[in-house]
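Notes follow the structure.
What follows draws every value from the coordinates through simple rules; no lab data is involved. Please read all numbers here as calculations on a predicted model, not as lab measurements. Positions of Cβ are backbone-derived with ideal geometry, glycine not excepted, and every protein chain shown enters the neighbour counts.
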Amino acid sequence: MQTRYNNNHDDNIIRITFDRVPQTGTLSKLSAALDLLDSSVNAICDGRITEALDTSSIQTLWSVFNEYDFVTGAALSDLDYRLTTLDASFGEINAQNRVKFVSLDSSLTALQNGLDGVRNDLAKHINDTSTISGGGLKPEDIEQYINPLEWDIYNTSVNLNGRINDTVSRVIDCEHDISTLFYTTNITNRGMINDVSNRLFVTNESLNEYNATLANHSAQITELYNNSQAVAQVTETIDNINASIGIIKYHDTQRDASITALREYQTNTVDSLLSSYTQRLNNAESLAVDCNVIANDVSNRLTSALSNNIATINQIANTLNSSVNAALTAHTNFVNQSISNLNSSVNSALSTHTNFVNQSVANLNSSVSSALSNNIATVNSALSTQTNFVNQSIDAVNSSINVLIASFNKFESDVSVRDLVISRAMVDFDNRLTLYNSSLNAAMTTAYNLDTSLRGWAANIDQRDFVTATALNLHDTSINYILGILRTNGLIQ
Amino acid sequence: MKTIIKGHDDLIYILELCDSSGTETMISDFDSFKVEIFTSDINTAVNVTQYISEENLLRVPAQSLTTLADGIVRMKVSVSMADTEFPDESFDQSRLTDTCYYLKTYNA
């Protein structure tokens, strides 16, 4: 079960006031400084190094950061002072409460001892008077004496308990106020710190984006540079290839010329040989025809001279056949030899041309490999240089971010301190103004009184002047009267 | 002297909200409005979802208080609304306040 304590029903009304005032002043300076930093980062990304390193911009940034530093230090000192004072006040209150408790305890003990003494005295007195007949204190007298005393003791005890409860309540309220103050201060500080952290997080994210953009630009520059180098290498390689192609074309032309020459040789020589062979064959056939004619003639002659010498005729025929066969064999051998020589020449020419082409291709491969190797080394070197540059830039930006975060943290705390200082100054000014008004009123009163007194004095002086003038007139009249009497009596002329 | 209220009573609060110029504001004027009730530890705060925006009336059910530790009942009010006067074009703020209730648990 829970019990809730409440002072009264009107306390159900909760009043909350929001400080709906846009933040200006130092925060605006910080925002402007961040914008300036953004511009510098953008200038770096765009390659406008001179603009990014502008002296006035850097001085503006450092002045803002130094201001944050100073204000933050003062704010922390003031907060530390407040906490120390609060702790000391709390300790003093505790010490005072302890003293009060000890004093109350002593008072209660003394009161109890006094009550015991009174009881003892009464008991002794009753004992002493009990033997006296009709004398001494009666029980009702004793009750009449004791009851008010007990009531006084009871009332005193109730009063003391009330004071103790009141003191405890005040201690609880004091602890509550202190804890609330601490809690509110912590929440406010945490809110400010969270706000600053969020802003720094956003700023850091933006700077990270700038870093990424810078890295991207650097990568693109590197890629463009590498591409330009690669294009140059490829162009050179293409030129080499074109030169090689020219050489190959030249050799192709040479080869075609060789083939043409071979074909001409084949046409001129082989065809000539074939023509010659054909001619010879025709001649042989013609000769054979002639031989047949002769043979027919011989046959005829043989037929006619068959009876003369058949053996001679056969011999002549055999001789003739041998001659024809020898001629045919020689011609065939010649043709085969020519074809073999032609094949050998063609094979030699093809082998020479193939070796030349292979050599050209090997040279071309070597040139391409060399060019690629040089290109890769150049690309690696450029990449290493760009990577180092980007890393150094990122380190520099991160360092600037850390400085900015530290400065920002210190600065934000200053806002509350300056408000506190202004509040105190306003209170002091109000107090002085009140004192000044009081002094002015007192001075006005004094001036009025003085004026009244002066007017009184002036009236008195006028009155005295009038009295003096009257007295002088009377004095002159008296002297003239006396002088008249003296002249009348002849005492003076 | 403190008044002791026993039993499972709901807490009813009337919020008087105003800005630094003294202008009164209603819950319905804010784009977002959040109230949390807690005692000693804000991490155990209970969200209050029952309120009447047009009357700034807040109701904290008694059942939601059973999870809170003993101590002063505190309240955290967080609001936000569009305001072009601020750099982020938004006014947002949280306020802590103590109520006059002290929550104490004892064995019945």
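Descriptive notes on the structure:
- Pairwise Cα distances in chain B exceed 17 Å in 58 percent of cases.
- Each residue, A:N120 and A:I245, gets one label point 7 Å from its Cα in the Cβ direction; the gap between the two is 13.4 nm.
- In terms of surrounding Cβ atoms within a 10 Å radius of their Cβ, B:Y101, A:Y481 rank from fewest to most as A:Y481, B:Y101.
- Residues A:S272 and A:S351, FRET efficiency given R0 of 22 Å [Cβ-Cβ distance, rounded to 0.05]: 0.25
- By the count of other C-beta atoms within 10 Å, a proxy for reagent exposure, A:M444, B:M81 are ordered fewest to most as A:M444, B:M81.
- Lysine pair count for chain B (Cα-Cα distance under 22 Å; residues 8 or more apart in sequence or on different chains): 4.
- Computed label-point distance, nm, for sites B:T97 and A:D297 using a 7 Å Cα→Cβ extension: 15.8
- Where the Cα pairs of region A:313-457 fall when distances are cut into 10 Å bins, in %: 8, 9, 8, 8, 8, 7, 7, 6, 6, 5, 5, 4, 4, 3, 3, 3, 2, 2, 1, 1, 0
- Residue order, fewest to most beta carbons within 10 Å, for B:F91, B:F86: B:F86, B:F91
- Coarse-grained scattering of region B:67-108 at q = 0.24 Å⁻¹, given as base-10 log I(q)/I(0) from a Debye sum over alpha-carbon atoms: -0.82
- Debye intensity ratio in log₁₀ form over the Cα atoms of region A:410-485, taken at each q of 0.27 Å⁻¹: -1.07
- Mean-position separation - Cα centroids, region B:30-80 and region A:450-493, in angstrom: 95
- Rel. contact order, % - alpha carbon contacts under 8 angstrom, at least six apart, chain B: 26
- Extension gain for A:S322-A:L433 works out to 23.9 nm (0.36 nm per residue, less the C-alpha to C-alpha distance).
- Maximal additional length on extending the A:L454-A:Q392 stretch stands at 13.6 nm, based on 0.36 nm per residue less the C-alpha distance.
- Shielding value for B:88-98 is 4, the average number of Cβ atoms from other chains within 10 Å of each residue's Cβ.
- Calculated FRET efficiency for the pair B:D88/A:T385, C-beta based, R₀ 45 Å, to 0.05: 0.60
- CD proxy at 222 nm, helix term only [per DSSP H run n ≥ 4: -39500 (n - 2.57); per residue of chain B; nearest 500]: -500 deg cm²/dmol
- Around A:I248: net Lys/Arg minus Asp/Glu count, Cβ-Cβ under 15 Å: -1
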